[in-house]
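To start, the structure itself, in structure tokens.
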Amino acid sequence: IGQENYMLGTVEILEGLDGEDYIAFPDPELCQPGAATTHDAPVPEETEGVFEDLLFKDSKKNKSFVVTRERKGVKKAKLSYRVLESKKDGENVKTVVEVYLYTGRSHQIRVQFSHRRMPLMGDRRYGSGKDNCNIALWSYRLKFVSPFDNEENSYSSVPDTETFPWCLFDKSLFL
């Protein structure tokens, strides 16, 4: 399972440029980290959707980019999202988004949301850092079948709902 460098817990927050914020979570069936967009990002036009892109990773800069054509080093990336809740926070709107990863590319959630003007909150590398917080990225659930004993394993971790930005949302979203 791919993990972002700033992953906490076992959800990710994205920060945008246009007055909206989001938080997103992974599908427990797919065992992947989730994402959340926040701070000045537009709410997705659809309440759910799929992002499919071609990603290129520049290893020297340790940064990935959405590109328009296949070439050496380019990989397909796919995720789906579902808006769970939106909240007004002063002048900004923050929206919790559940994210399902189908591929595990480097910085995938961060890159794909940032490319759509919804970078992760606190993500200085991909366009945001306005909130004076760490990147809001939280993998809240991990579920998989062990290859060793065929047993299903499930792990979960709830973000600190007393701290920003998690405190803005209904706590039941994290359970």
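Out of the stretch 62-94, which residues are open to solvent by 80 Å² or more (accessible area, probe 1.4 Å) and polar (S, T, N, Q)? Before the answer, list the steps.
In the first step, residues of the stretch 62-94 are kept if they are open to solvent by 80 Å² or more (accessible area, probe 1.4 Å); the result is 68-72, 75-76, 82, 88, 91.
Passing the criteria: only T68.
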Item to check | Check on R116, open to solvent by 50 Å² or more (accessible area, probe 1.4 Å) and modelled with pLDDT under 95 | outcome: yes
Checklist entry - Exactly one of (1) on the phi > 0 side of the Ramachandran plot; (2) over 15 Å from the mean Cα position of the chain (by Cα); (3) open to solvent by less than 70 Å² (accessible area, probe 1.4 Å) is unmet by N150. Its number? => result (3)
Next on the checklist: Looking only at residues that are outside any loop (DSSP other than H, G, I, E, B) and open to solvent by less than 80 Å² (accessible area, probe 1.4 Å) in the stretch 125-147, which one is modelled with the highest pLDDT?
Outcome noted: W138
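The values are calculated or read from the model by the stated rules, or taken from the named source; none is laboratory data. Please read these numbers as outputs of a predicted model, since none were measured by experiment. With ligands, DNA and RNA removed, areas are computed over all heavy atoms of the protein, side chains included. Shrake-Rupley method; radii C 1.70, N 1.55, O 1.52, S 1.80 Å.
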